[in-house]
Amino acid sequence: MNQKTSVAVIGIFLLLWSFFIFPTNISAQNKVQKLYEGESYMKCINLCNKNLGKSIDKQNSNLYKSLSIIELVNDKKLNQMYSDPVSEALKGIKRNEKYANSHPSDYFRSENRYRIDKVVRFALNTADSSYNKGDLKYADKILKKIRAVYPKNNLYLYKYAKLFNFNSIAVIKKDKTINEKDLHKRLYEVINNCKKYFNGQSRQELLDDLNLMYNDTAADLETASTILVLYPQKFKQDAEFQIQAQKFQEKYWQIKMLFEVNNTRATGVACGGLLMEPKPAIILSNCLCRTAQKYAKYMNKEDFFSHTGKDGSSPWQRASKEGCSADAENLAENFTKNTNIVVKQWLNSEGHCKNIMGFHTKAGFGHAGEYWVQMFK
């Protein structure tokens, strides 16, 4: 057999092979899709399982199995097959996403984005429903599985943090893949873009979450202040929000001082002979609050007053030790418990006033005895 004949024979073989092999995959794909679209969900699940066992058309089989499962989630027969149908549905999505991440040129994910989202949205709604019913254990299970598939998705992290009343210490202790700085950065992103993340439910979602944090004995003041500061920028200051804002100011002096600082920043003020233009509102930083509070207690215990600690530490070193950074610090001596008096005291001092009106985004406050501390970043 000469070379040309060999090439021709190979060509014919490959052509015949394609007729036998590819129609099988196309047929399998079409069949699971038709079964799903024809609402024959159990047959679709069984065929998908059969295909997956034979490694035939795995992406479509994983997807349409997951889609069929959420359609039959309360079906008795399905629950006999799977003790947790929602988790089983997410398993298929996880497999497909893993494939997509390792095959970026494959268009399956983009072509089926809305179908994939349907399964994930159903799982998220299930977690929300479980949370509202008080079944935090199951909500935690589902949200963990969603985050395992989409660890960088801010909304899923926000929902997960809600399980712990947004207590950053509890969240980080439970999920060691994130740190405090990253957590608050991502929570801020969701709150700042709440209308995108929560659609038509954004206003009520934020109000509910404020109430949740207010009732918690270890409220996360950074997250609470983020909502309190950003809510008026997104919505009208309705009566419900004003009540919540007032309650937080009465319960947490740090929130009250933050409102006083932001009111000054919003209008502008003369610092000495220099008129300072209005500045954007700032939020609290848990890290800066810890730093400021520890230093206020330290000065009160050691009975001294200075920006430099007795150990020689600077404000920046103290902040760094807690895990953050700072670029300004205000100190005051005043036995009053009225934050407004202390803020006015600082505003009457040119240097302190300029610190309050600086180009900052975050602040932390501390108080012990007669000693008051403000830190800004």
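Couple of notes before you dig in:
- Cα-based helix-to-principal-axis angle, 253-267 vs the chain, degrees rounded to 10: 90 degrees
- Cross-link partners of K294 among aspartates and glutamates (Cα-Cα below 16 Å; sequence separation of 8 or more within a chain): E302, D303, D311, E322, E329, E333, E370
- Prolate/oblate/rounded call for the stretch 111-171, Cα gyration tensor, a/c under 1.5 rounded: oblate
- Contact order normalised by residue count of the stretch 338-377, Cα under 8 Å, 6+ apart, percent: 30 percent
- The alpha-carbon of K174 sits under 12 angstrom from the alpha-carbons of these aspartates and glutamates, leaving out residues fewer than 8 places away in its chain: D140.
- The stretch 289-346: chymotrypsin sites (Phe, Trp or Tyr not before Pro) in DSSP loop, at most 12 other beta carbons within 10 Å: F304, F305, F335
- ³J(HN,Hα), Karplus 6.51/-1.76/1.60, whole Hz, each residue of the stretch 228-243, x for Gly, Pro: 4, 7, 7, 3, x, 7, 9, 9, 5, 6, 5, 4, 4, 5, 4, 5
- Accessible solvent surface per residue of the chain, calculated while the other protein chains remain in place, 1.4 angstrom probe, Å²: 53 Å²
- Environment charge at T361 (Cβ cut-off 14 Å; Lys +1, Arg +1, Asp -1, Glu -1): +3
- Cross-linked pairs K50/K91; K133/K234; K185/K297; K118/K196; K247/K279; K181/K301: Cα-Cα separations exceed 19 Å for K133/K234; K185/K297; K247/K279; K181/K301.
- For G268, distant residues with modelled amide H under 5 Å away: K279
- Filtered trypsin sites (Lys or Arg not before Pro), the stretch 275-318: DSSP coil and at most 14 other beta carbons within 10 Å: K310
- Most simply put, the chain has about 90% antiparallel DSSP beta bridges, counting only bridges with both residues inside it.
- Carbon and sulfur %, accessible surface of the chain computed with the full protein complex present, 1.4 Å: 53 percent
- Relative contact order (%) - criterion: Cα under 8 Å, at least six apart; region: the chain: 10 percent
- Amide H contacts under 5 Å for K362: I283, K377, restricted to partners 5 or more places along the chain or on a different chain, H placed in the peptide plane at 1.01 Å from N.
- Distance from the stretch 229-261 to the stretch 91-109 (C-alpha centre basis), Å: 44 Å
- Positive contributions from Lys and Arg (+1) and negative ones from Asp and Glu (-1), summed over other residues with Cβ under 13 Å from the Cβ of L331, come out at -2.
- Residue ranking by accessible heavy-atom surface, 1.4 Å probe, largest first, among H307, H184, H367 comes out as H307, H367, H184.
- Environment charge at N211 (Cβ cut-off 15 Å; Lys +1, Arg +1, Asp -1, Glu -1): -4
- Paired Rg and Dmax values of the stretch 217-284, which use every Cα atom, in angstrom: 13.2, 44
- Under the Karplus curve 6.51 cos²θ - 1.76 cosθ + 1.60, θ = phi - 60°, whole-Hz ³J(HN,Hα) for the stretch 90-95, x wherever Gly or Pro sits: 5, 4, x, 5, 4, 4
- Absence of a disulfide-compatible partner, taken as no other cysteine beta carbon within less than 4.7 angstrom, is noted in the chain for C44, C48, C194, C289.
- Separation between Cα centres of the stretch 310-356 and the stretch 167-189, rounded to whole Å: 26 Å
- Hits among aspartates and glutamates - C-alpha to C-alpha of K76 under 18 Å, sequence gap 8 or more where chains match: E39, D84, E88
- Loop-located chymotrypsin sites (Phe, Trp or Tyr not before Pro) in the stretch 52-143 (DSSP state other than H, G, I, E, B) with a sparse environment of at most 16 neighbouring Cβ atoms within 10 Å: Y82, Y107.
- For the stretch 363-375, the Karplus equation 6.51 cos²θ - 1.76 cosθ + 1.60, evaluated at θ = phi - 60°, returns couplings of 8, x, 10, x, 8, 7, x, 9, 9, 10, 9, 10, 10 Hz by residue, with Gly and Pro reported as x.
The values are calculated or read from the model by the stated rules, or taken from the named source; none is laboratory data. Remember, predicted model here, so these are calculated numbers, not experimental data. Neighbour counts run over all protein chains shown; Cβ positions are idealised from the backbone, glycine included. For the accessible areas, the whole protein counts, side chains as well, though only heavy atoms, and no ligand, DNA or RNA atoms are used. Shrake-Rupley method; radii C 1.70, N 1.55, O 1.52, S 1.80 Å.
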